[in-house]
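Everything below concerns the one structure shown next.
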Amino acid sequence: MMSLVLMAANFLRQRRWPVLLLFLWILLTAAIAGDFGRSHTALDDVVFHAQQQAIYICIFSAFLAADALHTERKSRRILLVLAKAVSRGDYLLAVLGGTGMLAVVYAVLSALCSIWLATRTMLPSGPVWELLPLVVAGALISASTAVFLSTFLNPYFATACTLAIFCAPIPFHALRHPAWIWLPGFPMLAQFLQFSFRPDWSPNWMSVGTTLLEALVFWLLASAIFERRDVAVPLE
Amino acid sequence: MPGILDYTHVVKDYTSLWSPRRVRALDDFSLSLERGEIFGFLGPNGAGKTTAIHLALGFMRPSGGSGQMLGRPFGDAKTRARVGFLAENVALYHRPARTLLRFYGTLSGMRPARLRLRCREVLEQIGLEAEADRSVEKLSRGMQQRIGLAQALISDPELLILDEPTSALDPAARAAMRELLLECNRAGKTIFLSSHLLSEIELICHRVGILSRGRLMKLGRTEDLLVSRDRYEIVARGMPAGSIDQVSSDSAPQVRGLPLAVPQVRVLPLDTNLGRDGHVQFTVAAASQREALERVWALGGEVLSVNPVRRTLEEVFLELTNHKEAHA
């Protein structure tokens, strides 16, 4: 367990500069949405800020996770890690753990910004906290899909395919077709888009559970494929 | 009884999804390491040494055959906790040396208290305790290599697999590394050492395996490999000066009447020995040994010693890997 936490933290540490920029980005967008010059903020701006941040972390998680294996193999640092008592599955779980840690910090930071904005607009802060687990689940399914695809695809293709999988159900959703429910990630995306501060909005916890289960399946599939990959082969 | 590291008819092919070309890196490779030995693994570039090491550690899977490390099949994660590995051109995270050692120690499943103690010991062993809190990217290449060795030693492993451990070291550091490896071996560790530095191997390895084009060309005790069974060196004295022939000015002198003109027989220059105290020294093919001795006696000489010719590991290596001409 300790080794998983250390590897996850190490994964994040290796990417600390883009992660820090991302955190600054949250503060910047909150400041823009809040518009310090005005005494209160428009309701639409607050909702848009919360939705935007939730979608951004999913996209960013895909980028981070898809690149993880490629970068480590290219630098050959993966060799010394996998030469220890670490299985391929553990290694991928650490990547997902690192992305999850980032998602939690990101979600809390963006929730605090959203609450600050909501307070300026006299909105209740409750829905923001309810959105938080959805954001983390969205980031995890995005990362696990990207990790799965990156075990056999170039990281750029893996990222592109992950985003395509998320966006593919949009037409079905517009047509109110039920097929989208079965595609990974989209139930979270759909809920982000429906998010509001109205009391009738509440998360679909069932879909959060399904999403986490899908993330688990993708991790298992990724582990099975990665187990068979030659990690020492030089990358082009 | 199984060895500490066993390869059984291992084959490894590199293939590409986009190309029909197949490169065979290891071909019917079998080897067994004995517990407590230092094994030298030699071969020219591209011979398959690193592939063999990577297979043992589970970085890749064999295309055929099988292998075991510490009694478990290759690639078993838990077994790797008992193995230390140093990769060629070691790549380390940019962290302070001590933090890095704790990171790798934790990955090997070590408890924090033992890890703290072991960190201190290992840093002392490699002589870098003063640099323990400096980030490794600020250290010299040689120091990084030593940190690489430290991470291999951190879990006090039974088996050390080292791929070119002395490649970036200066002569003094190389000697220190050699001493450290001998110390580890005295402590009971088995060492699998892949290196291009033949003199290093010759000095410390109990057994040597020479790999060429994926095949194990020679395997045996270092002493046995270095001693030639087809050439003998004879030292004699008391032979009349007239019995020494100088065939031409640029050739080595020969003992008259001795069948020394056998190809591959090296005739040692006699002038350095003859005349000082009347000794002559020459080499003959094994088949001609008896005839040579009788000739010395017939000339009135006395045979002082007959020994198999001792070669350097470099000579053995070049002979086996067909690099003689390229080397010349």
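Every read-out reported here was derived from the displayed coordinates using simple, explicitly stated rules and does not represent laboratory data. Nothing here was measured: the structure is a model prediction, and the numbers come from that model. Note that we place each Cβ from the backbone using ideal geometry, even for glycine, and neighbour counts take in every protein chain shown.
Dipole size of segment B:26-73 about its Cα centre, with +1 on Lys/Arg Cβ and -1 on Asp/Glu Cβ: approximately 200 debye, rounded to the nearest 20.
Can you sort B:Val235, B:Val10, A:Val47 by how many other beta carbons sit within 10 Å, fewest first? In order of increasing Cβ crowding within 10 Å: B:Val235, A:Val47, B:Val10.
For the protein assembly as shown, the share of DSSP beta bridges that are antiparallel, to the nearest 5, is 70%.
Given +1 at the Cβ of Lys and Arg, -1 at the Cβ of Asp and Glu and no other charges, the dipole of segment A:2-227 around its Cα centre is 620 debye to the nearest 20. Amide H contacts for B:Ser212 (H built 1.01 Å from N in the peptide plane; partners 5 or more residues away or on another chain; cut-off under 5 Å): B:Met217. Angle between the Cα long axis of helix B:97-107 and the longest principal axis of chain B, 0 to 90 degrees, nearest 10? Approximately 80 degrees, to the nearest ten.
Site pair B:Glu315 and B:Arg290 shows an inter-label distance of 2.5 nm when each label is modelled 7 Å from Cα along Cα→Cβ.
Between the residues A:Val86, A:Leu123, A:Thr159, the greatest Cα displacement towards the positive end of the dipole of chain A, with unit charges on the Cβ of Lys, Arg, Asp and Glu, is found for A:Val86.
With r as the distance between the Cβ atoms of B:His206 and A:Ala160 and R0 = 56 Å, compute the FRET efficiency 1/(1 + (r/R0)^6) and round to 0.05.
Numbers: r = 54 Å, r/R0 = 0.97.
Taking R0 as 56 Å, the efficiency between A:Ala160 and B:His206 is 0.55.
Among the residues of A:83-95, the average count of other protein chain beta-carbon atoms within 10 Å of the residue beta-carbon is 5.
Any aspartates and glutamates with Cα under 17 Å of the B:Lys12 Cα? List them, leaving off those in the same chain fewer than 8 positions away. Reachable aspartates and glutamates: A:Glu227, A:Asp230, B:Asp27, B:Asp28. Mean sequence separation of contacting Cα pairs (under 8 Å, at least six apart), scaled by the length of segment B:1-113, corresponds to a relative contact order of 26 percent. Applying the Karplus relation 6.51 cos²θ - 1.76 cosθ + 1.60 with θ = phi - 60° to segment B:51-59 yields 3J(HN,Hα) values of 4, 4, 5, 5, 5, 4, 7, x, 6 Hz, where x marks Gly and Pro.
Rounded to the nearest 10 degrees, the inclination of helix A:43-75 to the longest alpha-carbon principal axis of chain A is 10 degrees.
Considering only B:Pro44, B:Pro20, B:Pro157, the mean-square fluctuation computed in a Gaussian network model of chain B, springs between alpha carbons under 10 angstrom, is largest for B:Pro20. When shorter helices are ignored and each DSSP H run of at least 4 residues is given -39500 (n - 2.57), the per-residue value for the protein assembly as shown at 222 nm works out to -15500 deg cm²/dmol. Pick out, from B:Gln145, B:Gly67, B:Leu33, the residue whose Cα sits farthest towards the positive end of the charge dipole of chain B, with +1 on the Cβ of Lys and Arg and -1 on the Cβ of Asp and Glu. About the Cα centre, the residue reaching furthest to the positive side is B:Gly67. Between A:Met122 and B:Ser63, what FRET efficiency comes out of the Förster formula 1/(1 + (r/R0)^6) with R0 = 56 Å and r the beta carbon distance, rounded to 0.05? Approximately 0.25, to the nearest 0.05.
If we count every other residue with Cβ under 9 angstrom of B:Leu55's Cβ, Lys/Arg +1 and Asp/Glu -1, where does the sum land? Counting the neighbours of B:Leu55, the net charge comes to +2. Residues considered: A:Ala54, A:Ala137, A:Ala164. Largest GNM mean-square fluctuation over chain A, using C-alpha springs under 10 Å, is found at A:Ala164.
Computed about its Cα centre, the charge dipole of the protein assembly as shown is approximately 800 debye, with only Lys, Arg, Asp and Glu carrying charge at their Cβ.
Rounded to the nearest 10 degrees, the inclination of helix B:171-186 to the longest alpha-carbon principal axis of chain B is 80 degrees.
Taking 0.36 nm per intervening residue step and subtracting the Cα-Cα distance, what contour gain separates B:Asn45 from B:Arg111 on full extension?
Numbers: separation 66, 0.36 × 66 = 23.76 nm, distance 3.95 nm.
Taking B:Asn45 through B:Arg111 to full extension adds about 19.8 nm, to one decimal.
What number comes out for the charge environment of A:Leu6, summing +1 per Lys or Arg and -1 per Asp or Glu over other residues with Cβ under 12 Å away? Intermediate results must be reported in sequence, preceding the final value.
Working: positive: A:Arg13, A:Lys84, B:Arg95, B:Arg102; negative: A:Asp90.
Residues near A:Leu6 contribute +3 overall.
Which net charge results for the neighbourhood of B:Val10, defined as the other residues with beta-carbon distances under 12 angstrom from its beta-carbon, given Lys and Arg at +1 and Asp and Glu at -1?
Numbers: positive: B:Lys12, B:Arg24, B:Arg61, B:Arg215; negative: B:Asp6, B:Asp13, B:Asp27, B:Asp28.
Counting the neighbours of B:Val10, the net charge comes to 0.
Between B:Ser30 and A:Leu193, what's the calculated FRET efficiency when r is the beta-carbon distance and R0 is 56 Å? Round to 0.05.
Values: r = 62 Å, r/R0 = 1.10.
Computed FRET efficiency for B:Ser30 and A:Leu193: 0.35.
Beyond a 23 Å Cα-Cα separation, which of these cross-linked pairs lie in this structure: A:Lys84/B:Lys138; B:Lys78/B:Lys189; B:Lys49/B:Lys189; A:Lys74/B:Lys49? Too far apart for the 23 Å limit: A:Lys84/B:Lys138.
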